[in-house]
1. Search the stretch 41-65 for residues being closer than 15 Å to ASN107 by Cα and touching a residue at least 40 places away in the same chain (Cβ under 8 Å), and hand back the single one that is surrounded by the fewest Cβ atoms within 10 Å (Cβ to Cβ).
2. For ILE84, are the conditions met, namely being in contact with a helix residue (DSSP H, G or I) (Cβ under 8 Å, 6 or more places away or on another chain), more than 30 Å from ALA127 (Cα to Cα) and among the aliphatic types (A, V, I, L, M)?
3. From (1) crowded, with 19+ Cβ neighbours inside 10 Å; (2) out of contact with any His (no Cβ under 8 Å at 6 or more places or on another chain); (3) under 15 Å from HIS111 (Cα atoms), pick out the condition that doesn't hold for ILE17.
4. Could you count how many residues in the stretch 1-14 are among the charged types (D, E, K, R), buried (at least 21 other Cβ atoms within 10 Å of the Cβ) and part of a loop (DSSP other than H, G, I, E, B)?
5. Restricting to the stretch 88-101, name every residue that is assigned to a helix (DSSP H, G or I) and in contact (Cβ under 8 Å) with a residue 12 or more places away in the chain.
6. As an exercise: evaluate GLY94 against (1) modelled with pLDDT of 95 or more; (2) closer than 13 Å to ASN107 by Cα; (3) of a type outside the set (D, E, K, R) and give the number of the one condition it does not meet.
7. Determine which single condition ASN48 fails, assuming it passes every other condition in (1) touching a Ser or Thr at 6+ places or on another chain (Cβ under 9 Å); (2) under 19 Å from ALA11 (Cβ atoms); (3) modelled with pLDDT of 90 or more.
8. From the residues in the stretch 71-82 that are out of contact with any Pro (no Cβ under 9 Å at 6 or more places or on another chain) and among the aliphatic types (A, V, I, L, M), which one is surrounded by the most Cβ atoms within 10 Å (Cβ to Cβ)?
Amino acid sequence: MEGATPARLYATAVGSILVILGIAGFFYTSSFGTPGQVDDLFGIFAVNGWANVFHIGTGALGLLVAGYAARQYALVLGVAATAIAIWGFALGPGEAILGLVPVNTANNVLHLAIGALGIAAARATGAGQANWAEPARSPSP
């Protein structure tokens, strides 16, 4: 990945991880109640159908925009994930954001890490910096 920006690496890595976690979450529970049946993904993260769909959607978006809007994705997801973490910490374990998405301490810590990394990746990538390495140009005759 020569020439990849921090934001592009973030969008690709975090996008992939979120899609994988969202798909894996459906093997634990696919309940779409409010919050419905909540189970612990890998025995750690509280998930339900809404959380799984949210993770797949945000992850797929990251993979989709990694080549042309990675910095914006990293910044927006970073701010949103940080806000979700703060909201989750305020609610406490066993509660649900908007009565739909379950939270626990592990979820909050993961969201805080995703948020901090996103903001850092966006800041480390200059506003005018290309997301892809420019191809080498041959000299004109």
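The values are calculated or read from the model by the stated rules, or taken from the named source; none is laboratory data. Just so we're clear, the structure is a prediction, and the values are computed from it rather than from any experiment. No Cβ is skipped: glycine too gets one built from the backbone with ideal geometry, and neighbour counts run over all protein chains shown.
1. The selected residue is ILE44.
2. no
3. (1)
4. Total meeting the criteria: 0.
5. If the condition is that a residue be assigned to a helix (DSSP H, G or I) and in contact (Cβ under 8 Å) with a residue 12 or more places away in the chain, then GLY88, PHE89, LEU91 are the ones that fit.
6. Looking at each condition in turn, GLY94 falls short on (1).
7. It fails just one condition, (2).
8. By that ranking, first place goes to LEU77.
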